[in-house]
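A.B. asks: Before I ask anything, let me first share the structure, which is written out below as structure tokens.
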Amino acid sequence: MHTLTIDIGGTKALFELHLDGRTEQYKVPTGEGFDIADLNRHLIELEADYGLDEYQLAVALPGLVKRNELLSSKSLPCLNGLSQSDLNSKAKRILLSNDLDAGLGAVIDPKQDCELLIMCGTGIGLAISVNGQLFSGASGFAGELGHCRVMTESGEFSLEQLASGDSIRTRELKSSYELNRAGRYLGMGISWAVNLFNPNRIWLAGGMMNSSDYYRGCIDSLNEMALTAPLSETKVARVDDMETLVCRGLKVLLDKAV
């Protein structure tokens, strides 16, 4: 069966088609004004161009997704409330997922006791796997690392305000020192996660991980601030092919649902 997976981020969306053994991709810009009509327009065009009918569709979104509905998204407010019934699609099966939860599905190893996926792109998020199963907490809010508060010499800020890609663009941080410092704040946040979860593996993803200064600051801070015992048992690695991570995870979720 043909599948279409869509990773909708704060600045762009990646559409990935799986058609009879071949994969095709294309990207479109998004932004705060990207809405349901925009998404449906792209869906209709793709279905017409590729003759898609009775296929599988999975969409990943940044924010709280529960029971196939986007309850809240800071970076895509015009998609808030999006549910399966809002999609004008010929798909036989439709799945909506949080983007980090989907991304974790692409790298998860059932043999590991605990794995963490930390993504720093427009925002900052954390996905958690325990014994090969996604852990989302009592109400689906587990992993809101970006909203943890940090006291600095300039006052109290959320981790997203200090280290996210959106914050870095807004504040026009460009020097090696500034990017390294922002990365160090993320490393501080990851050290909290290490101390709390004692994970086997930590996967790092998102556009900011492509900045060598930011990445170096993140790892240096993590090594300085995390407890030695749990960190010594943790393998930390950047995700290969970060751009397609979420779409790959959505494909895994669809295959599991068959």
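A.B. asks: Taking only pairs six or more apart or across chains, which ones have beta-carbon atoms under 6 Å, a first residue in segment 162-176 that is in contact (Cβ under 8 Å) with a residue 24 or more places away in the chain, and a second residue that is surrounded by 21 or more Cβ atoms within 10 Å (Cβ to Cβ) and part of a loop (DSSP other than H, G, I, E, B)?
C.D. replies: Matching pairs, first to second residue: SER164/GLY123; GLY165/GLY121; GLY165/THR122; ASP166/THR122.
A.B. asks: Here's something else I'd like to know. Which one of the conditions (1) more than 26 Å from THR11 (Cβ to Cβ); (2) open to solvent by less than 30 Å² (accessible area, probe 1.4 Å); (3) not β-branched (Val, Ile, Thr) does MET151 fail to meet, given that it meets all the rest?
C.D. replies: (2)
A.B. asks: Next question. Of (1) closer than 17 Å to GLY143 by Cβ; (2) over 16 Å from the mean Cα position of the chain (by Cα), ALA226 satisfies all except one. Which?
C.D. replies: All conditions are met except number (1).
A.B. asks: Specify which of the listed residues (LYS66, LYS74, LYS27) is in contact with a strand residue (DSSP E or B) (Cβ under 8 Å, 6 or more places away or on another chain), on the phi < 0 side of the Ramachandran plot and among the basic types (Lys, Arg).
C.D. replies: LYS27
A.B. asks: If you don't mind, there's one more thing I want to ask. Return the residues of segment 163-191 that are open to solvent by 20 Å² or more (accessible area, probe 1.4 Å), of a type in the set (A, V, I, L, M, F, W, C) and in contact with a Gly (Cβ under 8 Å, 6 or more places away or on another chain); say none if nothing qualifies.
C.D. replies: LEU179
A.B. asks: Return the only residue of GLU243, GLU160 being buried (at least 18 other Cβ atoms within 10 Å of the Cβ) and of a type in the set (D, E, K, R).
C.D. replies: Unique residue meeting the criteria: GLU160.
A.B. asks: Of the conditions (1) in contact (Cβ under 8 Å) with a residue 12 or more places away in the chain; (2) open to solvent by 10 Å² or more (accessible area, probe 1.4 Å), PHE135 satisfies every one except a single condition; which number is it?
C.D. replies: Tallying (1) in contact (Cβ under 8 Å) with a residue 12 or more places away in the chain; (2) open to solvent by 10 Å² or more (accessible area, probe 1.4 Å), PHE135 fails exactly one: (1).
The values are calculated or read from the model by the stated rules, or taken from the named source; none is laboratory data. Values in this document were obtained by computation on a predicted structure and should not be read as measured data. In this analysis, Cβ positions are derived from the backbone assuming ideal geometry, glycine residues included, and neighbour counts consider all displayed protein chains. Note: accessible area is taken over every heavy atom of the protein model, side chains too, but ligands, DNA and RNA are not part of it. Shrake-Rupley method; radii C 1.70, N 1.55, O 1.52, S 1.80 Å.
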